[in-house]
Amino acid sequence: MSYTQYLRDLLRPLGVYDLEATFNGGELDAQGECLDRAMDWIEEVQRETCLMTAESWGVERVAQLFARRPVADDPKKLAAALAALLRIGGDSFTLAAMNDTIAGCGIPAEVKELGRGQVSVSFPGVAGEPRGFQGLKKIVEDILPAHLGIVYDFWFLTWAELEKNFPSWRAIEEMGLSWAQLETFVEYL
């Protein structure tokens, strides 16, 4: 309901005002329009100042606060990545905490312990090297504790999968794939 209608409904029961007259009705229309614009602005500010509801400029402003921007392009995914970065604290050294905050890179990522000061970072569901990996690598290295050695694991088509899913080299050649496209063809199988 607009504020114009709200003001009219509020004053109608009093029976004192002629709400259809230009001197009363016109003023209520003008005031109602101003209140509608103010409420639209307040709703936008309220939405954009909460990271979990922000859709445009709110997410961008929060992203500007960080030294590196997560690689997520979608505003909802970017907001989730920024929320993960905000969860990083002084006690983020456990494997569970690292896996919680690694989402701050902007794409699904997973940390596994390899042993004595070494961890493996993989990107489940992403075939090959993720787009913008150099920037992504810097974010991951900012998130993970500095004393850890990091090994990156990428998902490529294995020979076993190749033999299982393609009857011959001719079938592969008929698809017209480059070598880079073939080795990341895992997501389509």
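The values are calculated or read from the model by the stated rules, or taken from the named source; none is laboratory data. Everything numeric here is computed off the predicted structure, so don't read it as measured data. Cβ atoms come from the backbone with ideal geometry, glycine included; neighbour counts cover every protein chain shown. With ligands, DNA and RNA removed, areas are computed over all heavy atoms of the protein, side chains included. Shrake-Rupley method; radii C 1.70, N 1.55, O 1.52, S 1.80 Å.
Summary table
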quantity	calculated
Neighbour cut-off at most 14 other Cβ (10 Å), DSSP loop, chymotrypsin sites (Phe, Trp or Tyr not before Pro), region 61-147	Phe93
In region 91-189, the trypsin sites (Lys or Arg not before Pro) that fall in loop regions by DSSP, at most 16 other Cβ within 10 Å	Arg116, Arg131
Nearest-0.05 FRET efficiency for Thr94 and Phe154, computed from C-beta distance (R0 41 Å)	0.95
Apportionment of accessible area to carbon and sulfur, the chain, percent (1.4 Å)	55 percent
Calculated FRET efficiency for the pair Asp142/Gln181, C-beta based, R₀ 45 Å, to 0.05	0.90
Percent RCO, i.e. relative contact order, over region 1-49, from Cα pairs under 8 Å lying at least 6 residues apart	44 percent
Charge tally in the Cβ shell below 12 Å around Leu19, where Lys, Arg are +1 and Asp, Glu are -1, Leu19 excluded	-3
Exposure of Asp91 as accessible area (Å², to 10), given a probe of 1.4 Å and all protein chains	120 Å²
Tyr152 long-range amide H proximity, modeled H, under 5 Å	Val121
Per residue, in Å², the accessible surface of region 28-122 once ligands and nucleic acids are set aside, probe 1.4 Å	60 Å²
Residue-averaged 222 nm ellipticity for the chain, from DSSP H runs of 4+ at -39500 (n - 2.57), nearest 500	-14500 deg cm²/dmol
Candidate residues Val186, Val62: accessible-area rank, largest first, probe 1.4 Å	Val62, Val186
Cα gyration tensor shape of region 25-97, rounded if a/c is under 1.5, else prolate or oblate by comparing a/b with b/c	prolate
FRET efficiency, Asp73 to Arg37 (Cβ-Cβ, R0 41 Å, nearest 0.05)	0.85
Diffusion coefficient, µm² s⁻¹, Stokes-Einstein with Kirkwood Rh over alpha-carbon pairs of the chain at 37 °C and 0.692 mPa s	154 µm²/s
Gain in span if fully extended, Tyr6 to Leu86, counting 0.36 nm per residue against the direct Cα distance	24.7 nm
Exposed-loop-free span, longest in the chain, where GluC sites (Glu not before Pro) count as exposed if DSSP calls them loop and at most 14 other C-beta atoms lie within 10 Å	56-189
Most mobile listed residue (Pro145, Pro75, Pro108) in the chain, GNM with C-alpha springs under 10 Å	Pro145
Mean Cα-pair separation over length for the chain, i.e. relative contact order, pairs under 8 Å, 6 or more apart, %	13 percent
Whole-Hz couplings from phi, Karplus 6.51/-1.76/1.60, listed for region 133-142; x for Gly and Pro	4, 4, x, 4, 4, 5, 5, 4, 6, 6
